[in-house]
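A.B. asks: Take this structure, written in structure tokens, and hold onto it; I'll ask about it next.
The values are calculated or read from the model by the stated rules, or taken from the named source; none is laboratory data. These numbers were taken from a predicted model, which means no experiment stands behind them. Every residue, glycine among them, receives a Cβ derived from its backbone with ideal geometry; neighbour counts consider all protein chains shown. Ligands, DNA and RNA are stripped out before the accessible areas are found, and what is left, the full protein with its side chains, is counted by its heavy atoms. Shrake-Rupley method; radii C 1.70, N 1.55, O 1.52, S 1.80 Å.
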Amino acid sequence: MPRVKDNAFIVHKTDYGESDIIITLFSASRGKISCIAKGANRSRKRFPGSLELFEKVSFNGSIKHPLALTRIDECQLLKPYLAIQEELKSYLNGCYFLEIVNRCSAERQSNPELFELLDDLFTFLSDVPHNRNFNCRIRLFELQIITLLGFKPELSHCLDCGIKLDNDNPRGRFFNFSPQTGGLVCNHCRPRHPAAFNVSQGTINLLNQAHMLDNKLRNKVNFTPQVEAESARLCRALLSWHSGCSFKSLKILERYIDNNGIYKIAANTTTNSINSNKYGVR
Ligand SMILES: [Zn+2]
């Protein structure tokens, strides 16, 4: 029986029977893996961590059949990222990213850059009180994850008529994102795409450059509220188009943010005061 040993993040978990846990991991070298941890709720020796969302773990397991759940025999906690669980703003955003990874990444398809990005993201979310430009940073992570999942749209040509989209071309100077086609269309073709919305050059530039940003550069980037709003709308339209579903965690998150991107979180609201099942991530 093939053995597997890797580091991974816990992106989804659900109790199964009296003592088993079904877990989705995102691992460093194998990408997303659906697993079962037999007796995890009983054995503190084999599973000394709490197996909570966001945790970075090292695990040993075995694959009985290519289509079956990977069986986890042992799991050691590497980084708990506890602060994410304790800060509602971090938790709400973190759950949104976990749901993206869980729903949009392919099973057992290696994506080491996405693994690295999750490490950066969870480190950032663990330090929210000290982070300025929170919304900009979140938008950058969102753009990067879209790119790493292969969802970045074609940006050079109109998806409908094929005309080149750039500022030197009068007909192709304006960009519209068409949720029906998952790409950009020119102004001439826009009437055939009633759900299309305008996307500025600034947002296109961000999308083009997002994959090149490391943590140091992410700290320096700042952009206008218009680009921030467009970027969020574009990413969510792309995610919806590629996954064919709406994200439960996003609906919850949006309840806590007003139209200006300001969080409406009452002082006494904690992650424990919200039924986490509503996020669809556990
Ligand atoms: Zn066109």
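A.B. asks: Mind checking whether some residue in region 75-88 is under 16 Å from the mean Cα position of the chain (by Cα), under 30 Å from Ile252 (Cα atoms) and not small (Gly, Ala, Ser)?
C.D. replies: Yes, the conditions are met somewhere in region 75-88.
A.B. asks: Conditions: (1) closer than 21 Å to Lys264 by Cβ; (2) of a type in the set (Asp, Glu); (3) part of a loop (DSSP other than H, G, I, E, B). Glu142 meets all but one. Number of the miss?
C.D. replies: In the conditions (1) closer than 21 Å to Lys264 by Cβ; (2) of a type in the set (Asp, Glu); (3) part of a loop (DSSP other than H, G, I, E, B), Glu142 misses (3) alone.
A.B. asks: When the residues of region 215-227 are narrowed to those that are open to solvent by less than 80 Å² (accessible area, probe 1.4 Å) and assigned to a loop (DSSP other than H, G, I, E, B), which ends up farthest from Ile146 (Cα to Cα)?
C.D. replies: So, considering only residues that are open to solvent by less than 80 Å² (accessible area, probe 1.4 Å) and assigned to a loop (DSSP other than H, G, I, E, B), the one farthest from Ile146 (Cα to Cα) is Thr224.
A.B. asks: Only residues in region 243-259 that are more than 18 Å from Glu228 (Cα to Cα) count as the first member; pair them with residues that are aliphatic (A, V, I, L, M) and surrounded by 12 or more Cβ atoms within 10 Å (Cβ to Cβ), Cβ under 8 angstrom, at least 6 apart or cross-chain, and list the lot.
C.D. replies: Phe247/Ile100; Phe247/Leu239; Lys248/Val281; Ser249/Leu92; Ser249/Leu98; Ser249/Val281; Ile252/Leu92; Ile252/Ile274
A.B. asks: Among (1) of a type in the set (Lys, Arg); (2) away from the ligand (no atom under 16 Å from the Cβ); (3) touching a helix residue (DSSP H, G or I) at 6+ places or on another chain (Cβ under 7 Å); (4) farther than 30 Å from Ile33 by Cβ, there is one condition Arg137 misses while meeting the rest; what is its number?
C.D. replies: Status for Arg137: all satisfied but (4).
A.B. asks: Continuing with the same structure: Quick check on region 185-196. Is at least one of its residues closer than 25 Å to Glu116 by Cα and open to solvent by less than 60 Å² (accessible area, probe 1.4 Å)?
C.D. replies: Within region 185-196 (the criterion being closer than 25 Å to Glu116 by Cα and open to solvent by less than 60 Å² (accessible area, probe 1.4 Å)), the answer is no, since none of the residues qualifies.
A.B. asks: Can you name the condition, by its number, that Glu230 falls short on among (1) surrounded by fewer than 20 Cβ atoms within 10 Å (Cβ to Cβ); (2) in contact with a strand residue (DSSP E or B) (Cβ under 9 Å, 6 or more places away or on another chain)?
C.D. replies: (1)
A.B. asks: For a quick check of your reading of the model, give me the residue pairs whose first member lies in region 146-168 and is over 28 Å from Glu113 (Cβ atoms) and open to solvent by less than 40 Å² (accessible area, probe 1.4 Å), whose second is in a strand (DSSP E or B) and more than 12 Å from the ligand (Cβ to nearest atom), with beta-carbon atoms closer than 6 Å and at least 6 apart or on different chains.
C.D. replies: none
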